[in-house]
Amino acid sequence: MRGFDCYVDQSGCGLMLPGDHGQWHPAKKPTTFRTTKKSLYDKLWRKCPGCPYHVPIEGSARGFGNRSSMAEDYPQRLAKKLADLMAEEPAEDDGDLIMAVPEVLPPLEDVPMEEEKKPEIGPDEAIILNSRLRSEVGTQAYTTM
Ligand SMILES: [Zn+2]
């Protein structure tokens, strides 16, 4: 698929995880989204704002469990932005909306080596998209003559 690889540090979108002592810290979790939507690529791209510390995704935090499963869902801010951008100016030639691509980043100590994950639209985003569609289409779709 032709597309744009949009790089996002999830710590720039509010991803927080508990460290070994139970305090919450930003987790970097670099993620690349491949999209055919240029506007989405332009607006979603986000680098780490310069966190002093990142919680590693590996391992588990006492009382919370496995950190990588905790980081499976996109942080609220990222999910919202993604949904907004996907709903924005829908064009016929936008093609497939978005998919994750395998990491091709240089190994840093806090870069998790994880399996490719298939992004899913959660119920919240589906509702947002739905209500946007409804406000765009209006009630016309239901009108019978
Ligand atoms: Zn960061």
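Each value in this text was obtained by applying a stated rule to the coordinates, not by laboratory testing. Quick caveat: nothing in here was measured; it's all calculated off a predicted structure. When we count neighbours, we look across all protein chains shown, and the Cβ atoms used for this are built from the backbone with ideal geometry, even at glycine.
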| query | What's the lysine pair count for the range 5-51 at a Cα cut-off below 19 Å, pairs eight or more apart or interchain? | reply | 5
| said: Cβ neighbours within 10 Å, averaged per peptide: list 40-50, 25-35 in order, most packed at the top. | reply: 25-35, 40-50
| field | Ordering of 69-82, 8-21, 52-65 by burial proxy (mean other Cβ atoms within 10 Å per residue, highest first) | value | 8-21, 69-82, 52-65
